[in-house]
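Trainee: This is the structure, below, for whatever I ask next.
The values are calculated or read from the model by the stated rules, or taken from the named source; none is laboratory data. This structure is a prediction, so every number in the text was calculated from the model and none was measured. Don't worry about glycine lacking a Cβ; one is built from the backbone with ideal geometry, like all the others, and counts go over all protein chains shown. Protein only, heavy atoms only, side chains kept; ligands, DNA and RNA dropped before computing areas. Shrake-Rupley method; radii C 1.70, N 1.55, O 1.52, S 1.80 Å.
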Amino acid sequence: MPQLSFFRIFFIAIVCFSSLLFASPNFFYSTVDRKLNNPTQTSSWPDFLPSTLVKLGLDLRGGVYMLLEVKTDDVIREKFDFLWTDIRSSLVKKRKEIGSIRRIDTSGDQLKIEVGNSENIDFAIKEIEKLNSSTELFSSKWSGSVQRDILNISSLENMITITFSDEQKRTLEKQVIEQSLEIIRRRVDETGTREPTIQRQGRKRVLVQVPGLGSSEELIALLGKTAKLTFNEVVSIDSSSNFPTKFDEIVVGSEQNSDLFYLLKKRPVVSGENLTNAQPSFDENGLPAVSFNFNPSAALKFGNYTKDNIGSPFAIVLDDVVISAPTIRSHIPGGSGIITGNFSVDESNRLAILLRSGALPAEIEVLELRTIGPELGRDSINAGKLAALVGGLLVLTFMWLSYGLFGIFANVALMLNIILVMALLSILGATLTLPGIAGIVLTIGMAVDANVLVFERIKEEIKKNSTIYNSIKIGYEKALSSIVDANVTTMIAAIILFFFGSGPIKGFSVTLGLGIITSVFTALLITRLFIDLYMLFYKPKVLRV
């Protein structure tokens, strides 16, 4: 007769009870979802029960689909701008030897410098190579850094050409994409939206899927803005944009007055990268504004600048537009301040979110935008439920008619198997998509496959006139290798689909992989426990399978 250990029964009971506990919120999805979105409101769902839900993908819940392209070439162009500032500052001290110097404008993927005295061009190159040290060309919280010693420097007649190596370009591109992914994720998370999908697609593209978001305008307002904030010294203010600019100066227009232009120092005093916090607030007149705080190093720099420039205007530049240019009235120590402008309350909230999440290292372009209504998701869920219900009933009926009582044991294990899958999806935070539902339906069919192998082996042993218990024992032992082989090969396929697939393919592979694990557990442990309990308490003399 079978020997049932307490540990075996206890282990199976704990697994089944825990899975039922964690899967239960999904059977009351709307109630739990309302509680999660409105935690301050009373809800019928008890607080002591788990409230983790299976995440529904865009095709089930509806929402916004956006495909973005990151313009990484802008970062390379910006780095050459900063490099030219450093090189010019160094070469201007050697004008007696090298003559005049000027930058030749190009497409931005290289820096060309024309030297007045071509005979001493080697001298100029040596001066540039002195910058080829371990110090960084340009360091940014989000844009990464470039080491000078990997710059390619060449010359032809009186022209010096500086380019980045292919390796460095690839490194910069990778950094920009990774930083863009992080900032986009921060901006979406700041809105309180749950379960967004944000992933790289191809070399320069980013896929953003936000389930449950009904309007694409809100997402475009958050992601379409670079939010590059700088605090620049004001050289001059005029109604004309025709300023006589120097190499280290730029002309920037005003956001509030299209006829007003500012001549600014190109190098900012401090930038938005140094912000530690930004919150919507109100100014002394009760108008919407944004308060901010700098980190210690930037706070010291900001404080010293305001102390030395009392009475002078100070430009706050957001995405190449002056949004405010207040006059410094007093020393501002501590690194805190307020940004005023012609803001509405919604605009100040949005600007605070953008500044907290950080500036995108490069401009992004929306290539594709789709809004998917929740009606499609509901139809998909209903169709998936119907398919699972019909498939499940057919499988249950087949097992009952084919194997009688043992088929009923397998059917109970199948129901527990579905609960286990739902519990694992909830615990792991996996996203359920329409292909994922297909994976669950496939799991229903595969779940009884192991039981069929075992039951057929038991039939063979009974025909050999083996004892009842020996037939069961040998049936499980002989079927084990076939069960393991079949499920291991399927699991390998699921793993390959997960790592090499994308979007819907991953959703299918996740439910398929989890279904394989739970199917083996229910077939080898739960169904076997039911059979052993039946043999122990009923002690049948004839076994009909």
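Trainee: How much accessible area per residue does the chain have, counting only protein heavy atoms and a probe of 1.4 Å, in square angstrom?
Mentor: For the chain, the solvent-accessible area averages 51 Å² per residue.
Trainee: What is the ratio of the Cα radius of gyration of the chain to 2.2 N^0.38 Å, where N is its residue count, to two decimals?
Mentor: 1.39
Trainee: Oh, and also: Against the longest alpha carbon principal axis of the chain, how many degrees, from 0 to 90 and to the nearest 10, is the axis of helix 504-521 turned?
Mentor: That helix lies at roughly 40 degrees to the long axis.
Trainee: Packing-wise, with mean Cβ within 10 Å as the measure, how do 355-361, 239-245 rank, highest first?
Mentor: The most tightly packed comes first, giving 355-361, 239-245.
Trainee: Add -39500 (n - 2.57) for each DSSP H run of 4 or more in the chain, then divide by its residues: what number comes out at 222 nm, to the nearest 500 deg cm²/dmol?
Mentor: My calculation for the chain gives -16500 deg cm²/dmol from helical runs alone.
Trainee: Relative to the longest principal Cα axis of the chain, at what angle does helix 6-23 sit, 0 to 90 degrees, rounded to 10?
Mentor: Helix 6-23 sits roughly 50 degrees off the main axis of the chain.
Trainee: Within the accessible area of the chain, what % is carbon and sulfur when the probe is 1.4 Å and the other protein chains stay in place?
Mentor: 56 percent
Trainee: What is the distance in Å between the Cα centres of region 473-501 and region 251-317?
Mentor: 62 Å
Trainee: For K94, which lysines qualify as cross-link partners when the Cα separation must be under 28 Å and same-chain residues fewer than eight apart are set aside?
Mentor: K79, K112, K126, K130, K246, K265, K266
Trainee: Please work out the C-alpha center-to-center distance from region 168-182 to region 60-127 and express it in whole Å.
Mentor: What the calculation gives is 19 Å, centre to centre.
Trainee: As a test question: what accessible area, to the nearest 10 Å², does T276 have when a 1.4 Å probe is rolled over all protein chains in place?
Mentor: 90 Å²
Trainee: When only the heavy atoms of the protein chains count and the probe is 1.4 Å, how do W400, W84 rank by accessible area, highest first?
Mentor: Result of the area sort, largest leading: W400, W84.
Trainee: Give me the percent relative contact order of region 229-370, please, defined on Cα pairs under 8 angstrom at least 6 residues apart.
Mentor: 27 percent
Trainee: Cα to Cα, under 18 Å, and not fewer than 8 places away if on the same chain: which aspartates and glutamates meet these conditions relative to K541?
Mentor: Within the straight-line cut-off, K541 pairs with E460, E461, D532.
Trainee: Which value, in Å² rounded to 10, gives the accessible area of D86 with a 1.4 Å probe and all protein chains present?
Mentor: Here the residue's solvent-accessible area equals roughly 40 Å².
Trainee: With only alpha-carbon atoms counted, please give the Rg and Dmax of region 207-361, in Å.
Mentor: When restricted to the Cα atoms of region 207-361, Rg and Dmax are 16.2, 52 Å.
Trainee: Probe 1.4 Å, all protein chains in place: accessible area of Y534 in Å², nearest 10?
Mentor: Accessible surface of Y534 is approximately 50 Å².
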